[in-house]
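Notes follow the structure.
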Amino acid sequence: MENYLLILIGTVFVNNIVMSKILGLCPFMGVSRKLETSIAMGAATTFVLTLASGISYLIDTYLLGEALAYLRTLSFIVVIAGIVGFTEMFIKKTSPVLFRVLGIYLPLITTNCAVLGIPLLNVLERHDFVESLIFGLGGALGFTLVLVLFAAMRERLEAADVPLPFKGTSIAMITAGLMSLAFLGFAGLIR
Amino acid sequence: MTGSPHVHVGNTSVAAVMAKVMAALIPGTIAHAWFFGPGIWVSLLLCGLFALVLEALLLRLRGLPLKPFLGDGSVLLTAWLLALSLPTLAPWWLYLIGTLFAVVVAKHLYGGLGQNLFNPAMVGYAALIIGFPAYMTLWPGPIGAVDHSLTLWEAFDLVFAGQGAVSHDAVTAATALDTWRTQTRLGTPVDDILTRPMFGWIGARGHEIVAAMYLLGGLLLLSARVITWHIPVAFLAGIVLTSGALHLIDPAAHADPLFHLFSGAAMLGAFFIATDPVTAASTPRGKLIYAGLAGFLVVVIRTWGAYPDGVAFAVLLMNACVPFIDDYTHPRVFGHKRASKP
Amino acid sequence: MSRRLFPFHGGVHPEPHKRESNTTPIRAMPLLPRYVVPMRQHIGEPARPTVHVGDHVLRGQIIGEAQGYVSTAVHAPTSGRVVALEPRPAAHPSGLYDLAVVIEADGDDRAVAFQPLDWRNMDASALRNRVRDLGVAGLGGAVFPSYVKLNPGAQRIHTLIVNGAECEPWITCDDRLMRERAGETLRGIAIMRHCLAAERVLIGIEDNKPEAIAAMRAALAALDADDARGVEIVAVPSIYPAGGGKQLTYLLTGLETPSGGRSTDLGIQVFNVGTAYALWRAVELGEPLISRVVTVTGHVAAPGNFEARLGTPLVDLIAAAGGELPGATGQIVGGPMMGFDLMDDAAPVTKAVNCVIVKNATLFPPRAPDLPCIRCDACARACPVVLQPFDLYWYSRAKDFGRAQSYHLFDCIECGCCSYVCPSHIPLVDYFRYAKSEIWQREREKLAADQARQRHEFKTFRLEREKREKAEKFAKAAEKTKAAAGAPVDADAERKQALLKAAMERAQKAKEAVQPKNVDNLPPAVQREIDEIEARRAAARDAAEHPADAGADK
Amino acid sequence: MLSAILVMAGIGLVLGGILGWASIRYRVQDDPLVEKIDAILPQTQCGQCGYPGCKPYAEAISKGEADINLCPPGGEDGVRRLAELLGVEPKPLSDDAGPKPRSVAVIDENLCIGCTLCIQACPVDAIVGAAKQMHVIVADQCTGCELCLPPCPVDCISMQVIKEDVTNWKWRYPVHMMKRVA
């Protein structure tokens, strides 16, 4: 139990996938313009990532094994693409505006390096099934956390007197950098 | 055209607010100089100078008038807080880099006064502790804990030449927080740790008096209604509750709440850093959440983290949460059934 | 009295400055040679003028009648001749002109016959209609037509709150009114209560007006037992804005008027003491609302309160108070917290004007330059509506009106407490007013766009239908006259072309023939416009004749 | 090798099945986005965007065929709200001519010959009149699209800017006293 908790805290805060591993920056910058959108994106990613972690673990352990290890990345990508496709259809049906707002970033969850990265890290760290699930969930929650906080900050920044050369994406990058600086405060907490 | 109201309360301005905060810092600063030598005057001078020059430069670059913005005192306050949180005997360029991060990156890239998301002084501090960890331990030992008490001239020598009549080793010492963390991790008994010279009656030697002076200054600010009670109380409560719970669980590994309150930058953080209105939460409930969590994080980082103190990172982390917290803690507006998220 | 009060959130204590004008009795204004009576003196539809230039009118005669539901009548302030019916400077923050009837007094000041009303035995709706035609509207500042508010409708009104708080600094017209005419005011309140069938009446007066409270209590003791039953005069703490309708309601009853709603939703109706007095005059004397008490104060020689006829130019009112002293820097209409700068002192007293303050540089120093907001939340602590003005400001400034609105911009009562305490000297309320009027404008546009969409869709639908019908008809006709094949369409077009040509020629002739006949009594603006059109047309003709020149022109 | 092919084929088959089921289960009927876009457009029906009316333009935007900055009557504000709805960066109006002041068309009564051409051109039926009768434009309903100007054979229609009065007067943006010196 304590182990699971450590994994969860570790992935959400200490080794945050965006702030510390610098993965998944594309949706982090792309879908953080509005708070509501970022929450939805976080939810979608959480769903995909948790599911992908679990299924990837099952495929890796029971289908591929050591013999077919070279198929690992390939099969993970296929699985993720499938789950994303499903999510896409689901969102398109339930919330067309959200679908439009997420735009290209929804199918791009497929190529979100965080989503592929976490199943691969699971294999590297030799997590068991539950650990993989929690690792995936934690990574996704960490992603959602920083995405949502970042979106709220960008909404406020929108109205700030940022000097013209720094307006828009550049001040967002600086903010992400300072946020990452703050997250370094968690360094050393676990392992 | 200007509409109503046509009158103003009159006795308040940004400059007055900043001046009151700086006035409240004076007792703490004097205590600091008393216990840790005159180095603080050097770093204060350097930070203030760099800050004013950088601020003027950036205002000029951005085409803004110098007088009202330099005159509002906000940049001096930032420099003062930065100087108080940095070790006093570091080389001069360290103060320059710290001020650079504080004034340029954290403040002016965001549009200057009132627009920044992160506490400028804490950005400066965090940037330095990440970039130059070795220099960030150059804290002079408290009076009585080190053999040599420094003169102003010697302090200048150390800051500008790096070496003078005295070496850094003769006057610097590990802080109480540092000692506690390293020693408890080594398994040294608590009683043994507490007898070391950097520990005082209840907190860190010297620091405890400085902290008491900050507390005094903070109470003055409270009585002058410059700050509200929410942030300091929640911040200190966060520290006390977290450290108290840990201390109850394992007194051998975790210091008692009083030690946490009266060592490091806890008091400075509670009354002067976390209360920076621009970067702190602004709604009453938001302030409690913001400062309470910051206090919690201070203890977490002090206990398990890799840095000498947790205040800067705790405040920066909570700064990042402020827009989100504010969004969801708007109070119930008159005539509405319940508080609603916009 | 030990009534429990419910202090509202926030509020401020600006310097009261009441002593300047509340020590002298209400003075009557001398008859002026000329009055300018605006048709828009109340909230809602402006009155429709019923007189023409040259007409002779009597004091109290209707010169503008109520138009629509939320509207009320306007009356002549004295007897005389209507000399103009045209836009005149209005007491409005914009300084724009608004339609007014200008009356030149004949000096006789003859009045129409006033008919006192037997209100206790009158049909309620007939009484209300009389009140509408007598022009009574709220004199506290909102000028909502009173007859509308006197109609309880489906809602049972249990409490009538009469607002004598007068929380704005400088203004003392209600103070003096209550001191000098307490009995009449209380009888006006009795009429209100009769209309609303309210069982209790709470009269809220700020405790910085002890004389007014004493006078009202004395008058209450002298009132009929029937009228005095359930009436209570409550001294409320002096804190701005205790006189705001919703704030006073909360202060006295602890009930919050729902956002976007009215106090009647709570079974409470709120009137100003001045309105009660005006209602008494209208009902018991039969005299329409043609004058009101106005405070003239500030940098004038003899500040005080004046019984001024509606339509009195403010410049004459200020002159009656001894005139502006040297060093005056302008005038405020209303109080210093919510009033506006007067653009043109030719603007007249209306039902909404309760105070004129002459400014000078020491009493009203120019606003200090505004610095950026530091989110110190002083404004949030002062806001009586528990808004977060710094957030509203942040988004109003960035013109993000959607966000501003979602932070409840429209709950703002524009009381000015936030601007008053702002250490950065930001004119917060100006930003809110700006954002509100932009949002209103947008809503108007949205409404227009919705209508346009419907009309466009209908037109498209109609065209489709016509085309279909035509096609069907044509098909039938074609079948019938298969022998006469030819090219009917072409012939049709040719015929149309010819018709058009003839029409154009006719128009040209008609224009030449018509024009001289029509220029006789054209207003100059129209004439100018016609001239411009002619000039443009001439230019166009020129261009057609010399295409090369036209090309060079472009 | 065979096992690898089998594994991948198996994964593909299972996922294909799920996706196929989902595509039927979550089929989207129509696109309510068009309505939302149309609601933002000013409904002048002026065709300045290059589409015949506001609705077709809305459809084009929702399909991604048209840019969001083609509507001058909607102004910068309209572009911004479209950008907000669609989650894209707002951009300046494509037309370099800025938004014009709101105006309505007015027919010069002395010149009108009653040809009904303008009535046919008006997209919102804001012109009343019959053949050979003088035509009148209902100012409240006029969207100011100027579509009636070109067809008029006698050039009797002119655009009049709507004047500001007490009812439509707006509070101005407060003046920043802290002006930039440069």
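Only one of these is polar (S, T, N, Q) and within 25 Å of residue C:15 (Cβ to Cβ): C:297, C:253. Name it.
Result: C:297 is the single residue among C:297, C:253 that is polar (S, T, N, Q) and within 25 Å of residue C:15 (Cβ to Cβ).
Going by the structure shown, is residue B:172 free of Cβ contacts under 8 Å to residues at least 40 places away in the same chain and over 25 Å from residue B:270 (Cβ atoms)?
In short, no.
Within 26 Å of residue D:37 (Cβ to Cβ) and over 12 Å from the mean Cα position of the chain (by Cα): does that describe residue A:98?
yes
Return yes or no: is residue C:430 under 29 Å from residue B:119 (Cα atoms), outside any loop (DSSP other than H, G, I, E, B), facing another protein chain (nearest Cβ under 8 Å) and of a type in the set (Asp, Glu)?
no
Could you please give the count of residues in region C:183-228 that are of a type in the set (Lys, Arg) and farther than 25 Å from residue C:148 by Cα?
2
Can you pull out the helices (runs of 4 or more DSSP H) entirely within region B:49-132 that have at least 2 residues that are crowded, with 24+ Cβ neighbours inside 10 Å?
Qualifying helices (runs of 4 or more DSSP H): B:74-85, B:92-99, B:120-131.
Select from region D:157-175 the residues that are surrounded by 13 or more Cβ atoms within 10 Å (Cβ to Cβ), more than 7 Å from every other protein chain (Cβ to nearest Cβ) and modelled with pLDDT under 85 and write down the one among them that is nearest to residue C:92 (Cα to Cα).
Among those residues, the one meeting the criterion is D:168.
Take the residues in region C:52-67 that are surrounded by fewer than 18 Cβ atoms within 10 Å (Cβ to Cβ) and of a type in the set (A, V, I, L, M, F, W, C); name whichever of them is farthest from residue C:291 (Cα to Cα).
The residue in question is C:53.
If only one of C:135, C:95 is over 21 Å from residue C:267 (Cα atoms), modelled with pLDDT under 90 and in the same structural domain as residue C:39 (by TED's automatic domain parsing), which one is it?
Among C:135, C:95, only C:95 is over 21 Å from residue C:267 (Cα atoms), modelled with pLDDT under 90 and in the same structural domain as residue C:39 (by TED's automatic domain parsing).
Suppose we filter B:306, B:274, B:312, B:280 for residues that are touching a Leu at 6+ places or on another chain (Cβ under 9 Å) and either small (Gly, Ala, Ser) or in contact (Cβ under 8 Å) with a residue 60 or more places away in the chain (or both); which single one remains?
B:306
Can you spot a residue in region C:3-19 that is of a type in the set (Gly, Ala, Ser) and not assigned by TED's automatic domain parsing to the domain that holds residue C:292?
yes
Take the conditions closer than 26 Å to residue B:18 by Cα, of a type in the set (Asp, Glu) and over 19 Å from the mean Cα position of the chain (by Cα) and apply them to residue B:250. Does it pass?
no
Tell me the helices (runs of 4 or more DSSP H) entirely within region A:91-191 that contain at least 3 residues that are at the interface with another protein chain (Cβ under 8 Å from one of its Cβ atoms) and at pLDDT below 90.
Fully inside region A:91-191 and qualifying: A:96-102.
Regarding region C:394-411, can at least one residue be identified that is outside any helix (DSSP H, G or I) and more than 14 Å from chain A (Cβ to nearest Cβ)?
Scanning region C:394-411, I find at least one residue that is outside any helix (DSSP H, G or I) and more than 14 Å from chain A (Cβ to nearest Cβ), so the answer is yes.
Which count do you get for residues in region A:116-127 that are in contact (Cβ under 8 Å) with a residue 40 or more places away in the chain and more than 17 Å from residue A:71 (Cα to Cα)?
Within region A:116-127, residues that are in contact (Cβ under 8 Å) with a residue 40 or more places away in the chain and more than 17 Å from residue A:71 (Cα to Cα) number 1.
What helices (runs of 4 or more DSSP H), lying completely within region C:221-304, carry at least 1 residues that are modelled with pLDDT of 90 or more and crowded, with 24+ Cβ neighbours inside 10 Å?
Of the helices (runs of 4 or more DSSP H) lying wholly inside region C:221-304, those with at least 1 residues that are modelled with pLDDT of 90 or more and crowded, with 24+ Cβ neighbours inside 10 Å span C:245-253, C:273-284.
Checking the conditions here, which among B:205, B:181 is basic (Lys, Arg), under 17 Å from residue B:310 (Cα atoms) and at pLDDT 80 or above?
Within the list B:205, B:181, the selection yields B:181.
Examine region C:165-173 for a residue that is charged (D, E, K, R), touching a strand residue (DSSP E or B) at 6+ places or on another chain (Cβ under 8 Å) and assigned to a helix (DSSP H, G or I), and state whether such a residue exists.
no
Say whether the condition of being at the interface with chain B (Cβ under 10 Å from one of its Cβ atoms), more than 24 Å from residue C:94 (Cα to Cα) and not in a loop (DSSP other than H, G, I, E, B) is met by at least one residue in region C:361-378.
Yes: region C:361-378 contains one or more residues that are at the interface with chain B (Cβ under 10 Å from one of its Cβ atoms), more than 24 Å from residue C:94 (Cα to Cα) and not in a loop (DSSP other than H, G, I, E, B).
The values are calculated or read from the model by the stated rules, or taken from the named source; none is laboratory data. Note that this is a predicted model, so its numbers are computed, not measured. Glycine gets a Cβ as well: all are built from the backbone with ideal geometry, and neighbour counts include every protein chain shown.
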